[in-house]
1. Take the alpha-carbon positions of the chain, form their convex hull, and give its projected area averaged over all directions (one quarter of the hull surface) in nm².
2. How would the range 15-91 be classified by its alpha-carbon gyration tensor: rounded, prolate or oblate, with rounded meaning a/c under 1.5 and the a/b versus b/c comparison settling the rest?
3. Over what distance in Å are the Cα centres of the range 110-134 and the range 33-58 separated?
4. What is the spread of the Cα atoms of the range 106-149 along each of their three principal axes, largest first, in whole Å?
5. Using Cα-Cα distances under 8 Å and only pairs 6 or more residues apart, what relative contact order does the chain have, in percent?
6. Just the accessible area for C12, please: 1.4 Å probe, Å², rounded to the nearest 10?
7. So how exposed is T28, as accessible area in Å² (1.4 Å probe, rounded to 10)?
8. Heavy atoms only, probe 1.4 angstrom, no DNA, RNA or ligands counted: give me F23, F99 ranked by accessible area, highest first.
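The values are calculated or read from the model by the stated rules, or taken from the named source; none is laboratory data. Given the structure is predicted, the values throughout are model-derived calculations rather than measurements. No Cβ is skipped: glycine too gets one built from the backbone with ideal geometry, and neighbour counts run over all protein chains shown. Remember, those area values only see protein heavy atoms, side chains included, never the ligands or the DNA or RNA. Shrake-Rupley method; radii C 1.70, N 1.55, O 1.52, S 1.80 Å.
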Amino acid sequence: MRANADTYRAFCIPIYLLAIALFVLLPTSLLGKMSDVARLTAALLVYLFTIVLSVLTWRYGKRHGEALRKPAKSLAIQILLCPPFALNVVRKLSLMQTFSCSLPEAAMRLLPTPDWQATAAALHAQIHDEIAAHGQGEALASLHTARTWLATHLPPSED
(Lines give C-alpha, C1' and ligand atoms only; values in the text may rest on other atoms or scores of the structure.)
Protein backbone atom coordinates (compact mmCIF):
# COMPACT_ATOMS: atom_id res chain seq x y z
CA MET A 1 0.00 0.00 0.00
CA ARG A 2 2.90 2.33 0.73
CA ALA A 3 4.17 1.93 -2.85
CA ASN A 4 0.79 2.99 -4.20
CA ALA A 5 0.75 6.04 -1.94
CA ASP A 6 4.16 7.04 -3.30
CA THR A 7 2.85 6.57 -6.85
CA TYR A 8 -0.11 8.86 -6.15
CA ARG A 9 2.24 11.51 -4.75
CA ALA A 10 3.20 12.44 -8.33
CA PHE A 11 -0.42 13.54 -8.88
CA CYS A 12 -0.42 15.96 -5.93
CA ILE A 13 1.12 19.10 -7.43
CA PRO A 14 -0.73 18.96 -10.79
CA ILE A 15 -4.05 18.40 -9.00
CA TYR A 16 -3.52 21.41 -6.73
CA LEU A 17 -2.40 23.57 -9.64
CA LEU A 18 -5.45 22.49 -11.67
CA ALA A 19 -7.73 23.32 -8.74
CA ILE A 20 -6.18 26.78 -8.46
CA ALA A 21 -6.51 27.32 -12.20
CA LEU A 22 -10.12 26.08 -12.26
CA PHE A 23 -11.44 27.75 -9.13
CA VAL A 24 -9.33 30.91 -8.84
CA LEU A 25 -7.63 31.96 -12.07
CA LEU A 26 -10.37 31.08 -14.56
CA PRO A 27 -13.28 32.68 -12.65
CA THR A 28 -11.19 35.74 -11.81
CA SER A 29 -10.19 36.25 -15.42
CA LEU A 30 -13.72 35.69 -16.73
CA LEU A 31 -15.60 37.73 -14.14
CA GLY A 32 -13.00 40.42 -13.55
CA LYS A 33 -12.01 43.11 -15.96
CA MET A 34 -9.08 41.16 -17.35
CA SER A 35 -7.68 41.23 -20.82
CA ASP A 36 -8.26 38.55 -23.40
CA VAL A 37 -4.67 37.39 -22.91
CA ALA A 38 -5.35 36.74 -19.19
CA ARG A 39 -8.50 34.76 -20.05
CA LEU A 40 -6.68 32.72 -22.65
CA THR A 41 -3.78 32.09 -20.27
CA ALA A 42 -6.16 30.85 -17.55
CA ALA A 43 -7.89 28.49 -20.00
CA LEU A 44 -4.54 27.24 -21.29
CA LEU A 45 -3.32 26.57 -17.77
CA VAL A 46 -6.44 24.48 -17.08
CA TYR A 47 -5.77 22.37 -20.14
CA LEU A 48 -2.03 22.17 -19.49
CA PHE A 49 -2.58 20.68 -16.02
CA THR A 50 -5.31 18.44 -17.43
CA ILE A 51 -2.91 17.08 -20.06
CA VAL A 52 -0.23 16.49 -17.40
CA LEU A 53 -2.72 14.55 -15.24
CA SER A 54 -3.92 12.58 -18.25
CA VAL A 55 -0.36 11.55 -19.13
CA LEU A 56 0.34 10.59 -15.50
CA THR A 57 -2.81 8.48 -15.46
CA TRP A 58 -1.91 6.75 -18.72
CA ARG A 59 1.61 6.01 -17.42
CA TYR A 60 0.16 4.71 -14.14
CA GLY A 61 -1.90 2.16 -16.08
CA LYS A 62 1.08 1.22 -18.23
CA ARG A 63 3.24 0.57 -15.14
CA HIS A 64 0.64 -1.52 -13.31
CA GLY A 65 0.08 -4.22 -15.93
CA GLU A 66 -2.74 -5.45 -18.11
CA ALA A 67 -5.42 -5.34 -15.42
CA LEU A 68 -5.15 -1.56 -15.07
CA ARG A 69 -4.01 -0.60 -18.58
CA LYS A 70 -7.44 -0.31 -20.22
CA PRO A 71 -9.25 1.35 -17.30
CA ALA A 72 -6.41 3.84 -16.85
CA LYS A 73 -6.42 4.65 -20.57
CA SER A 74 -10.18 5.21 -20.40
CA LEU A 75 -9.74 7.44 -17.36
CA ALA A 76 -7.00 9.43 -19.15
CA ILE A 77 -9.41 10.12 -22.02
CA GLN A 78 -12.17 11.12 -19.60
CA ILE A 79 -9.77 13.54 -17.93
CA LEU A 80 -8.96 15.16 -21.27
CA LEU A 81 -12.63 15.52 -22.15
CA CYS A 82 -13.68 17.00 -18.80
CA PRO A 83 -10.96 18.88 -16.87
CA PRO A 84 -12.91 19.10 -13.56
CA PHE A 85 -13.05 15.30 -13.58
CA ALA A 86 -9.25 15.30 -13.23
CA LEU A 87 -9.54 16.49 -9.63
CA ASN A 88 -10.80 13.00 -8.69
CA VAL A 89 -8.15 11.05 -10.56
CA VAL A 90 -6.43 9.62 -7.47
CA ARG A 91 -9.74 8.42 -6.05
CA LYS A 92 -10.66 6.78 -9.36
CA LEU A 93 -7.26 5.11 -9.68
CA SER A 94 -7.30 3.83 -6.13
CA LEU A 95 -10.76 2.34 -6.69
CA MET A 96 -9.36 0.39 -9.67
CA GLN A 97 -6.67 -1.15 -7.46
CA THR A 98 -7.32 -4.68 -6.21
CA PHE A 99 -5.79 -6.14 -3.08
CA SER A 100 -5.04 -9.74 -2.30
CA CYS A 101 -6.25 -9.67 1.30
CA SER A 102 -9.77 -9.90 2.66
CA LEU A 103 -11.58 -7.20 4.61
CA PRO A 104 -10.81 -8.72 8.03
CA GLU A 105 -7.12 -9.09 7.13
CA ALA A 106 -6.92 -5.49 5.94
CA ALA A 107 -8.71 -4.27 9.07
CA MET A 108 -6.32 -6.27 11.26
CA ARG A 109 -3.31 -4.66 9.55
CA LEU A 110 -4.65 -1.10 9.56
CA LEU A 111 -6.63 -0.66 12.79
CA PRO A 112 -5.19 -0.18 16.27
CA THR A 113 -5.53 -3.29 18.45
CA PRO A 114 -8.61 -2.19 20.49
CA ASP A 115 -10.45 -1.09 17.34
CA TRP A 116 -9.48 -4.29 15.54
CA GLN A 117 -10.75 -6.42 18.42
CA ALA A 118 -14.10 -4.59 18.40
CA THR A 119 -14.31 -5.01 14.62
CA ALA A 120 -13.43 -8.70 14.87
CA ALA A 121 -16.13 -9.25 17.49
CA ALA A 122 -18.71 -7.47 15.31
CA LEU A 123 -17.68 -9.49 12.24
CA HIS A 124 -17.78 -12.70 14.27
CA ALA A 125 -21.33 -11.93 15.43
CA GLN A 126 -22.39 -11.06 11.87
CA ILE A 127 -20.96 -14.31 10.50
CA HIS A 128 -22.66 -16.24 13.30
CA ASP A 129 -26.01 -14.66 12.31
CA GLU A 130 -25.43 -15.52 8.65
CA ILE A 131 -24.61 -19.13 9.52
CA ALA A 132 -27.84 -19.33 11.49
CA ALA A 133 -29.81 -17.90 8.55
CA HIS A 134 -28.26 -20.22 5.93
CA GLY A 135 -29.20 -23.80 5.43
CA GLN A 136 -26.68 -26.14 3.87
CA GLY A 137 -24.38 -25.31 0.97
CA GLU A 138 -21.00 -24.13 -0.17
CA ALA A 139 -21.42 -20.69 1.37
CA LEU A 140 -21.82 -22.30 4.77
CA ALA A 141 -18.35 -23.86 4.60
CA SER A 142 -16.71 -20.54 3.75
CA LEU A 143 -18.63 -18.84 6.58
CA HIS A 144 -17.39 -21.49 9.05
CA THR A 145 -13.82 -20.97 7.81
CA ALA A 146 -14.10 -17.19 8.22
CA ARG A 147 -15.60 -17.58 11.70
CA THR A 148 -12.80 -19.93 12.76
CA TRP A 149 -10.15 -17.50 11.47
CA LEU A 150 -11.80 -14.58 13.27
CA ALA A 151 -12.15 -16.56 16.50
CA THR A 152 -8.36 -16.73 16.79
CA HIS A 153 -8.23 -12.92 16.75
CA LEU A 154 -11.00 -12.18 19.21
CA PRO A 155 -10.05 -10.67 22.57
CA PRO A 156 -10.13 -13.10 25.49
CA SER A 157 -13.60 -13.37 26.96
CA GLU A 158 -14.11 -12.01 30.44
CA ASP A 159 -16.00 -14.76 32.26
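1. Working: hull surface 57.8 nm².
Result: a mean projected hull area of 14.4 nm².
2. Prolate, since a/c reaches 1.5 and a/b exceeds b/c.
3. 49 Å
4. Principal-axis extents of the Cα atoms in the range 106-149, largest first: 36, 15, 12 Å.
5. Details: 106 pairs, mean separation 25.9, N = 159.
Across the chain, relative contact order equals 16 percent.
6. 60 Å²
7. Surface open to solvent at T28 totals about 70 Å².
8. F23, F99
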